[in-house]
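K.L.:
Got a structure for you, questions after.
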Amino acid sequence: MKKILFVLASAVILLVSSCAEDMLDTAPTSSVSGTTLLSNTDNAQVALEGTYKILYTPNDEWLGTEFNVQQNFGIVSHNIVADLMGEDFVQNEMGNGWFWFDYIYDVHSRFASNGWRCYGIWNFYYKVISNANYIIASEATMQGPETEVKRIVGEALALRAYAYYYLTLFFQQTYVGNETKPGVPLYTEPTTSSTEGKPRGTLAEVYTQIQLDLDKAASYISKNVPATHKSHIDYFVVRAIQAKVFLTMEKFDEAIVAAAEARTKPGVTLTPIADLGKGFNDVNMSSVLWGGEVIATEAISGGWGTFFCHLDPGSTPAVITANGYGVRSRKCIDKSLYDRIASSDQRKNLWWKGVVSPEAASGPNKSYVQLKFKYKNVADYTGDYIYLRAEEMLLIEAEAQCRKAAPDYAAARALLLELGAVRDAGFAGRLALLKDENTYNTDTHAAATNVLEEVLFQRRVELWGEAGRLFDLKRLKLGFTRDYVGSNHPDKLASKNTAANSILFALPIPQQEFDGNPNMDITSDQNPM
């Protein structure tokens, strides 16, 4: 009889530290049983830290992505995918093909081919869930101080919730209006080779579990005990994840409270203008709530499987001198979006617009190439990965203030002015001209005319390359176009459906899930294609 899906078919692969004093120096192993490994808080902490490492380590054969390791490097690689599937993020050249097929919407037919996009994302988040389930299940037997047990279990609960949330973002349409549609299989207990696979739960069922996990995590992790490392989830990160979930569910009052509290994390402030051009590559940046600190030994041979290798175009945009995939396949901002950024906005400098030099005249146009993300250490291709920033929380709160039952436009304006004060000297004057309304234009290339449209525009500029544009398009029920006059997109998606609620916005479920799960039928459970 067929059993559980392939990624969970064997005992969980927990990551065990090979250097007790350095949580970043870890290696995967399956030689230690869950019972032994999770018997006390010291050992469980090692397992938890290994699970954190999954979030930013290039993933290879243990996630079924043998020939695509270069484009599967955790959370930030998934945000690139979601950005490339929208209109704001341009992949200027095909290069070796990494991420190109996401950009041109040519991955849906490849669900039966091991290693393609749907495999990497599906396997990644279920691996996190599997590890988290073992840690959570050990709560009653784990030896150690009760506060430590609860903290460790709380962090695992938050990781499980985060993983299920991102699975829904990729493998179904948005929550509101689709609550009874299929979500993803729910596993909340440790799995073994004899565990039978589960059916797709509804989106409502999955989001109920996500909320339960986050509520419990918030009650288990002390607000007064800071995380030992930015890569760890603390109370404020839990609240930040809750804010994102609440916004997706259109629970606007709850989103306001959660986002506002997340920003009260001690030491966290909006990133000042002086730090904008430093590469967004350091978890110690003042606005970072949560991120992964990456060291040289964690980059694969050659360094190609890293976020900055794919993004950094070199120090001189007109004449590329650096190495890396970002040189061969430049990531650019959509011209329409760039043109709408005010000349007084310091963020406009995060993209380069200029005439291609004679030395590079025979190559592709490099105009609009991104300069936001740069190597922290170009010699080893590394930089830290940023998952959540205070700016995202501010914008969640501002949007929710506009969209709640009784809109508070004054509060939304105050939040926008707070961001504008550290971004754009001319912002206050432009904001004063906007109307107090909470409708938004279905044409995503149109200029903002009201406060809500300005909030949504600010999300696109501030969080470019970080938050996944496709997720906003889906939750706002918007389509997009790339074939406008003057478009700088090399692929205009002229023959693809990019209208609101397009079936292409949800990835197909991997074939191997159906092969290994008796409760999943490809004819009835596969996403429309």
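K.L.:
Taking only protein heavy atoms and a 1.4 Å probe, what accessible area per residue, in Å², does the chain have with all protein chains in place?
P.N.:
35 Å²
K.L.:
Could you tell me the relative contact order of the chain? Use alpha-carbon pairs under 8 Å, at least six residues apart, and round to a whole percent.
P.N.:
Reported relative contact order: 20 percent.
K.L.:
Sticking with this structure for a sec: Treating the beta-carbon of each Lys and Arg as +1 and of each Asp and Glu as -1, no other charges, what is the dipole magnitude of region 356-465 about its Cα centre, to the nearest 20 debye?
P.N.:
180 debye
K.L.:
Along the principal axes of its C-alpha atoms, what lengths does the chain span, in descending order and rounded to whole Å?
P.N.:
For the chain, the Cα spread along each principal axis is 60, 51, 49 Å.
K.L.:
Taking a cut-off of 30 Å between Cα atoms, list the lysines near Lys376, but don't count ones fewer than 8 places away on the same chain.
P.N.:
Lys53, Lys127, Lys230, Lys244, Lys265, Lys278, Lys331, Lys335, Lys348, Lys353, Lys366
K.L.:
If you don't mind, there's one more thing I want to ask. Please compute one quarter of the surface area of the Cα convex hull for region 177-218 and express it in square nanometres.
P.N.:
Working: hull surface 13.8 nm².
So the Cα hull casts an average projection of 3.4 nm².
K.L.:
Taking amide H atoms as placed 1.01 Å from N in the peptide plane, list the residues 5 or more away in sequence, or in a different chain, whose amide H sits under 5 Å from that of Tyr387.
P.N.:
Those lying under 5 Å, H to H, from Tyr387 are Trp290, Gly291, Gly292.
K.L.:
Let me have the relative contact order for region 105-165, percent, based on Cα pairs under 8 Å that are six or more residues apart.
P.N.:
It rounds to 35 percent for region 105-165.
K.L.:
Just read off the accessible area of Leu350 with the full protein assembly in place, 1.4 Å probe, to the nearest 10 Å².
P.N.:
Approximately 10 Å² for this residue.
K.L.:
Also, I was wondering about something else. Excluding Lys496 itself, calculate the net charge of residues whose Cβ lies under 14 Å from the Cβ of Lys496, where each Lys or Arg counts +1 and each Asp or Glu counts -1.
P.N.:
Here the charged neighbours net out to -3.
K.L.:
Turning to a different aspect of this structure: Taking only DSSP H segments of four or more residues, each worth -39500 (n - 2.57), what value at 222 nm results for the chain once the sum is divided by all its residues, to the nearest 500 deg cm²/dmol?
P.N.:
-11000 deg cm²/dmol
K.L.:
Can you tell me which of 204-217, 40-53, 159-172, 275-288 comes out highest on packing, and rank the rest after it, using the mean Cβ neighbours within 10 Å?
P.N.:
The most tightly packed comes first, giving 159-172, 40-53, 204-217, 275-288.
K.L.:
Give the residues of region 444-459 whose amide nitrogen is closer than 18 Å to a point set 7 Å from the Cα of Ala410 in the direction of its Cβ.
P.N.:
What the label zone holds, given the 18 Å backbone N cut-off, is 451-452.
K.L.:
Still on this structure: Considering amide H positions built from the backbone, and no H for Pro or chain starts, which residues 5 or more places from Gly86, or on another chain, come under 5 Å of its amide H?
P.N.:
Amide H neighbours of Gly86, under 5 Å, 5+ apart: Leu470.
K.L.:
Then there's this: For region 363-472, what's the relative contact order in percent, using C-alpha pairs closer than 8 Å and at least 6 residues apart?
P.N.:
Averaging sequence separation for qualifying contacts and normalising by length gives 21 percent for region 363-472.
K.L.:
Could you give each residue of region 179-186 its phi-based ³J(HN,Hα) in whole Hz, using Karplus coefficients 6.51, -1.76, 1.60 with θ = phi - 60°, and x for Gly or Pro?
P.N.:
4, 8, 6, x, x, 9, x, 9
K.L.:
Starting from 0 in steps of 5 Å, tell me what percent of the Cα-Cα pairs of region 397-464 lands in each bin.
P.N.:
3, 18, 31, 28, 16, 4, 0
K.L.:
Treating only the Cβ atoms of Lys and Arg (+1) and Asp and Glu (-1) as charged, compute the dipole magnitude of the chain about its Cα centre; round to the nearest 20 debye.
P.N.:
Using Cβ point charges on Lys, Arg, Asp and Glu, the chain gives about 940 debye.
K.L.:
What value in Å³ per residue do you get for the convex hull of the alpha-carbon atoms in region 439-529? Could the numbers behind the result be given before it?
P.N.:
Numbers: hull volume 13.1 nm³, N = 91.
For region 439-529, the hull spanned by Cα atoms encloses 144 Å³ per residue.
K.L.:
Okay, moving on. Give me the percent of the accessible area of the chain that comes from carbon and sulfur atoms, probe 1.4 Å, all protein chains in place. If you can, show how the numbers build up before the last one.
P.N.:
Numbers: 9860 of 18490 Å².
Solvent-exposed carbon and sulfur of the chain make up 53 percent of the total.
K.L.:
I need the trypsin sites (Lys or Arg not before Pro) found in region 452-529, filtered to DSSP loop residues with at most 16 other beta carbons within 10 Å of theirs.
P.N.:
Filter output for region 452-529: Lys477, Lys492, Lys496.
K.L.:
Which one of Val327, Asn377, Asn284 is farthest out on the positive end of the charge dipole of the chain, using unit charges on Cβ (Lys, Arg +1; Asp, Glu -1) and the Cα centre as origin?
P.N.:
Val327
K.L.:
HN-Hα J couplings of region 40-55 from phi, Karplus 6.51/-1.76/1.60, θ = phi - 60°, integer Hz, Gly and Pro as x?
P.N.:
Going residue by residue, I get 9, 5, 4, 5, 5, 5, 4, 4, 5, 5, x, 5, 4, 5, 4, 5 Hz, with x marking Gly and Pro.
K.L.:
What order do Ile386, Ile295 take when sorted by accessible area (1.4 Å probe), most exposed first?
P.N.:
Reading off the accessible areas and sorting them downward yields Ile295, Ile386.
The values are calculated or read from the model by the stated rules, or taken from the named source; none is laboratory data. Computed from a predicted structure; not experimentally measured. FYI the Cβ positions are ideal-geometry reconstructions off the backbone, even for glycines, and counts take in every protein chain you see. To get the accessible areas, we keep the full protein, side chains included, count just its heavy atoms, and leave off ligands, DNA and RNA. Shrake-Rupley method; radii C 1.70, N 1.55, O 1.52, S 1.80 Å.
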